[in-house]
Amino acid sequence: PLDMESLDHLISSHIQSQKATETEHIIPVEAANPSTLTPKIVGSHPAILETIKKIALASNNTSSVYIHGDQGTGKRLASRVIHHYFSEEPQMTYIQCADEFKIPSHAKFVVFDQVEKLSHHMQAYVHSWILSQDTATPKIIATSNCSPHELKQKISEPLCSKLMDMQIHIPALKERRSDIPALAAHIATQLIYNLNSPVTGIHKDVFTLLEKEAWHGNAAELQSVLSHALQITKTHIIDLESIQTALQEVKAEQTAPQTGGATLNANANLQDMEETLIVETLMQNKGHKSNTAAALGISRPALDRKIAKYNINVQQIKQQAS
């Protein structure tokens, strides 16, 4: 005769053992509000540790800083880290150099993003503005995908000398693969908050897979993949299936439509334009997400996904707009 009590006990033991084994392979992650976190560079690889040392030095003096590296490596984040430790001023004047602009008279900390895109007219304006600040020079950060040598071919030598008191290179993600697990977990905690996701953990095998990827888009591409995975996972865990699907989706977005060798650059420019449009619309609506979504003609959840994708600090925008 079948002993139901013994069978019950055997099945329960097996289930508990299976759960314990599965738990051992899950890295827990908790939601974290990006606006309440101290900005930081995540990683312990020697390449990024050298960068962190230079960022620390740049945070303790008034020298201008030129931050360069491939697209998506974290140049804007490095600017925020320097601002956090350098200035007690809550606001950072962030300028997109591809556009015409006017520098606020009260600016104490100015970031010139994509400085290589300054027109000749704007180069003269920026250089003149810097010279006029001799009595109270603000902290100046310039960022670019160009190496210092390449930048000198694009903008005037007098302006270059004013922007390059210090130089900081942000290494590509493929140069510090051992940092990917820690970086992925850090990014995931903020995405979980922004997307209001129920995910509570990441399977260890996901990190193994992520370390093998090429990451041409660096940390920005990693963030995009994790954002996709969080939105398609059917469980409380980012598992191999969801991350593999997310990788395929992101790669498909990067390569479609096919337009020869210029595909990636065109997509990168399109992403820059989309991010700029979202930030500007948020500014116009003083950080109000529902009004911003309506102005852009998209749903509120779609806006939240894009905010998470580009890691846009809505709280900072609200402060600047107020």
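Taking each of 54/152; 54/286; 154/212; 251/318; 53/286; 154/289 in turn, the alpha-carbon distance tops 29 angstrom for 54/286; 154/212; 251/318; 53/286; 154/289. Accessible-area rank, largest first, for 162, 40: 40, 162, with all protein chains present and a 1.4 angstrom probe. Kirkwood radius and radius of gyration were both taken over the C-alpha atoms of the chain, and their ratio Rg/Rh is 1.05. Candidate cross-link partners of residue 75 among the aspartates and glutamates, defined by an alpha-carbon separation under 12 Å and a same-chain spacing of 8 or more, comprise 113. Scanning residues 5 or more positions from residue 170 or on other chains, those with amide H under 5 Å from its amide H are 68, 69, with H placed 1.01 Å from N in the peptide plane.
Charge dipole of the chain (Cα centre as origin; +1 on each Lys and Arg Cβ, -1 on each Asp and Glu Cβ, all else neutral): 960 debye, rounded to the nearest 20. Using just its DSSP H runs of length 4 or more, each adding -39500 (n - 2.57), the chain gives a mean residue ellipticity at 222 nm of -17000 deg cm²/dmol after division by all residues.
Think of the chain as having a plus end and a minus end, set by charges on the Cβ of Lys, Arg, Asp and Glu; of 243, 315, 201, 315 sits farthest toward the positive end of this dipole.
Roughly speaking, to the nearest percent, how much of the chain's 1.4 Å accessible area is carbon and sulfur? That fraction is 53 percent.
Within straight-line reach of residue 174, meaning a Cα separation under 15 Å, sit the following aspartates and glutamates at least 8 residues removed in sequence or on another chain: 70, 211, 213, 221.
Packing around the peptides 201-214, 169-182, taken as the average count of other Cβ atoms within 10 Å per residue, puts them in this order, highest first: 169-182, 201-214.
Solvent-accessible surface of the chain, taken per residue with a 1.4 Å probe and all protein chains present: 53 Å². Less than 5 angstrom separates the built amide H of residue 27 from those of 202, 203, 204, all sequence-distant by 5 or more or on a different chain.
Only one residue of 178, 158, 11 has its Cα farthest out toward the positive end of the dipole of the chain, where Lys and Arg carry +1 and Asp and Glu -1 on Cβ, and that residue is 158. By the rule of a C-alpha distance below 18 Å, with chain neighbours fewer than 8 residues away ignored, the lysines paired with residue 102 are 117, 139. Charge dipole of the stretch 122-223 (Cα centre as origin; +1 on each Lys and Arg Cβ, -1 on each Asp and Glu Cβ, all else neutral): 0 debye, rounded to the nearest 20.
Averaged over residues, the count of other Cβ atoms within 10 Å places the peptides 228-236, 102-110 in the sequence 228-236, 102-110, highest first.
The values are calculated or read from the model by the stated rules, or taken from the named source; none is laboratory data. Since this is a predicted model, take the numbers as computed values, not measurements. Glycine also receives a Cβ, built like all others from the backbone with ideal geometry; neighbour counts cover every protein chain displayed. Areas reflect the complete protein model, heavy atoms only, side chains present, ligands, DNA and RNA absent. Shrake-Rupley method; radii C 1.70, N 1.55, O 1.52, S 1.80 Å.
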